[in-house]
Amino acid sequence: MGEIEDAIERADRESFTRQPPKTLKGQIGYLIRQLGSAKAVAREIGVTADSVNRYRRGARKHARADVAAKIDDAVRARWQPLVRKRRQKKAATTGGITVETRARFGYTAPVGTTDDGRFRRLTVHLPPAYAQRLFDARDTGTGDQQMRGIIAEGFKEIYFQDGGGRATELAGVTLNDIDYLDLDY
């Protein structure tokens, strides 16, 4: 997963109205209900169906660290899909998306102005159209570089050009060397 996809996933997790199961037995039970069988869960997390059944019965109370991480990720990826969809729909239609980042921003500007990239820490609220484009890009498997381009385009319009009120000659903005990136919607 890329940085932007990770940020979207973190933002999705913040929308949970109830916490996912925390115990190994509870997590395995949930995954079996979601995937339909112990065999399907075993394929998902990379263990045998017998191991899954031992976790379900409580015969094994703890999984190896790598397996526990896969179980946790699988549960969180499937937890409260309707809540996530509702929140994403709201962001894409009315609410927009807030991007907080510390990254190197470069831009193409006319002769006589500086176009040297520099690190900036920005928190910018982008309109719903950008949220929709980001979600569509993620859903179609678009690469992280293209999602960075969507965010950079939004920063150009909203932050650098202030909706068309300044820096209208600015040709393009690039988002590089991301130190951190966080999304909220």
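When a 1.4 Å probe is rolled over the protein heavy atoms, the share of accessible surface on the chain that falls to carbon and sulfur comes to 48 percent.
Ordering A137, T17, L170 by Cα displacement along the dipole of the chain toward the positive end leaves T17 in first place; charges were set at the Cβ atoms of Lys, Arg (+1) and Asp, Glu (-1). Ordered by solvent-accessible area of protein heavy atoms (1.4 Å probe), largest first, the residues D179, D144 come out as D179, D144. What the phi angles of the range 22-29 give under the Karplus curve with 6.51, -1.76 and 1.60, with θ = phi - 60°, is a coupling list of 9, 7, 4, 4, x, 5, 5, x Hz, glycine and proline written as x.
Each Cα pair under 8 Å and six or more residues apart adds its separation to the average, and for the range 1-104 the resulting relative contact order is 29 percent.
Amide hydrogen proximity for R60: with H placed 1.01 Å from N in the peptide plane, the residues at 5 or more positions away or on another chain lying under 5 Å are Y55. In the chain, Cα pairs under 8 Å separated by at least six residues give a relative contact order of 26 percent.
Straight-distance candidates among the aspartates and glutamates for linking to K39, with alpha-carbon spacing under 20 Å and chain neighbours fewer than 8 residues away dropped: D50, D66, D72, D73.
Return one whole number: the accessible area per residue of the range 27-185 in Å², for a 1.4 Å probe.
I get 55 Å² per residue for this part.
The values are calculated or read from the model by the stated rules, or taken from the named source; none is laboratory data. Treat the numbers as computed from the prediction; the structure is a model and nothing was measured. All Cβ positions, glycine included, derive from the backbone under ideal geometry; neighbour counts span all protein chains shown. These area figures cover heavy atoms from the full protein model, side chains too; ligands, DNA and RNA do not enter into them. Shrake-Rupley method; radii C 1.70, N 1.55, O 1.52, S 1.80 Å.
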